[in-house]
Amino acid sequence: MADSAVKLRGISKRYGDTQANDGVDFDLRVGEIHVLLGENGAGKTTLMNIMFGHVLPDEGTVEVNGRPVVIESPNDALALGIGMVHQHFSLVPPFTVAENIVLGSRSALDPNLQPGAVRREIAELADRYQMPIDPATKVRDLPVDLQQRVEILKVLYRGAKILILDEPTSLLGPAQIENLLGLLDDLRSTGHSIVLVTHKLAEVMQLADRVTVIRQGKKVIEVESGQFDQQTLTRAMTGHDISAIEVTHTELDETIGGVLTVTDLVTTGQGGGALDGISLSVRAGEILGVAGVEGNGQRDLVDAITGLIGLESGKVQIAGEDLTGSDSAHLRNRGLAVIPEDRQGWGLILDMTLAENIAINEIPAGGFSRRGILDWGRIREWARERLEEYDVRPPNPDLLAGSLSGGNQQKVVLARELSREPKVLIADNPTWGLDVGAIDYVHRRLLEVKENDAAVLLVSMDLDELLALSDRLLVMYRGRVVLERRVDGLNMDEVASAMAGTPATV
């Protein structure tokens, strides 16, 4: 058996009444990829933060390379050869690649800290790990996959042989994911030890030497490669089986116009984030999926349709009515519902109650008023019915939205938006950051909306999600549609090429 790079023994951590970790054992061997799985709130982030020094455990011990250690800060972890690549990058966009990599690692008074010498040093490091990248390029000019490589080079530059990667493929397209998995395989072969935190089970099956699952703060199973399948891991994470969703792709009459139609939308912006004459149509009873590597116009597309940004030119129609330039309230009155990507920033007001969040769009219309006075009894009762219908736990309308888990927060958003029986639903990365059980719930609700003859525009960074739910798929690149196909006739090589920017025939 290989030597252990890191051993965590009896790790416990409590936050108030919440036991985040409860006597967890975890070890990482030299030269292996060990995947850590668990639902949201299971305790995996706390465990990794303890390993990297962001959090101190209440109980337990840590060994690195067979030696007992105390890790009180990320600097301590880095000194021990442990580096962490977070899901959200910590780069300075106006700085160059070289400046980002050396930032904070060397004194400004170091006489060897000369720009030319630093760039040569970074270029040699990148070549050594087969990650060629121009050290003089500003990070803001790099695509997301190369920004991620800068993050990996940062920890390698600091001498890390033990890497923690948190959801590293969540922003990447298929070709970029394959490149990253190949890179991790190369690092493993050169003796690096990697903890991979992910919810994408296909990647687990492809890459993991071992998998540890934690649930409700406790370690549930630890299994070696070849001893597990996706069903086993799902059951371990959730405590029950999740049946596969059966999706019937809708056969649509192409002579029938869309409920949602956008024509030649153009927005201003920098790089690929702006729209450059994009058109699309979504029919009743259809899910149109929008794929693309992050930063290729998806954000502008959603914001333009929902009235959050202005258009340079183009047209937005719902049920044949021209709603170009309409504000969000008017669009909602015409049948538009939105599940925003950021449920905490845009979907909910966290310091308001669940009842207030669910009723917030109905109150201005006077639906809960008597002679101008709000009937809070009616509001709470109506909200309680929605909370129970959408399985929000607990279904207490007086709780603050910020007190709920991410999955339950998303259910509150669904309860508010879908209970209106919309004509058009914009679902923007609706399962972002959710665990496998919550993802399954959201998927089933989206399919119900489709079955009720609404038009659903599903924007997602998760290609598997798009392929599972969509009837048609379009790929965006630099603000334009570069591919549009029915899902049941897709060529995946063609999709991957389109997402990477290879021209394709729409």
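The values are calculated or read from the model by the stated rules, or taken from the named source; none is laboratory data. A quick note: this is a predicted structure, and the numbers were derived from the prediction, not measured. When we count neighbours, we look across all protein chains shown, and the Cβ atoms used for this are built from the backbone with ideal geometry, even at glycine.
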query = Any chance segment 114-121 includes a residue that's of a type in the set (D, E, K, R) and within 30 Å of residue 292 (Cα to Cα)?
reply = no
task = Scan segment 56-84 for residues that are farther than 22 Å from residue 150 by Cβ and of a type in the set (Val, Ile, Thr) and jot them down.
result = 61, 62, 64, 69, 70, 71
key: Pairs where the first residue, in segment 6-29, is free of Cβ contacts under 8 Å to residues at least 12 places away in the same chain and the second is part of a strand (DSSP E or B), C-beta under 6 Å, 6+ apart   = none
note = Subset of segment 71-115, residues modelled with pLDDT under 85 and more than 25 Å from the chain's Cα centre (by Cα), comes to 104, 105, 106, 107, 108, 109, 110, 111, 112, 113, 114, 115
request  = Please name all residue pairs, on different chains or six or more residues apart, with Cβ atoms under 7 Å, provided the first residue is in segment 94-119 and is more than 17 Å from residue 158 (Cα to Cα) and the second residue is at pLDDT 80 or above and assigned to a helix (DSSP H, G or I).
outcome  = 94/140; 95/139
request  = Only helices (runs of 4 or more DSSP H) wholly contained in segment 320-420 count here; list those with 3 or more residues that are in the same structural domain as residue 445 (by TED's automatic domain parsing).
outcome  = 328-333
message = It is to be established whether one or more residues within segment 441-453 are touching an Asp or Glu at 6+ places or on another chain (Cβ under 6 Å) and either within 16 Å of residue 290 (Cβ to Cβ) or touching a residue at least 12 places away in the same chain (Cβ under 8 Å) (or both).
response = no
key: Positions within segment 49-73 being surrounded by fewer than 18 Cβ atoms within 10 Å (Cβ to Cβ), among the small types (Gly, Ala, Ser) and free of Cβ contacts under 8 Å to residues at least 40 places away in the same chain, in sequence order   = 73
ask   = Looking only at residues in segment 1-21 that are farther than 13 Å from residue 62 by Cβ and among the aliphatic types (A, V, I, L, M), which one is surrounded by the fewest Cβ atoms within 10 Å (Cβ to Cβ)?
value = 1
request  = Take residue 384 and decide whether it is of a type in the set (Lys, Arg) and either closer than 14 Å to residue 418 by Cβ or more than 30 Å from the chain's Cα centre (by Cα) (or both).
outcome  = no
ask   = Looking at (1) surrounded by 15 or more Cβ atoms within 10 Å (Cβ to Cβ); (2) of a type in the set (Asp, Glu); (3) over 30 Å from residue 31 (Cβ atoms), can you tell me which one residue 209 breaks?
value = (3)
ask   = Do you know which residues across segment 221-244 are loosely packed, with under 12 Cβ neighbours inside 10 Å and either free of Cβ contacts under 8 Å to residues at least 12 places away in the same chain or within 30 Å of residue 285 (Cβ to Cβ) (or both)?
value = 226, 227, 240, 241, 243, 244
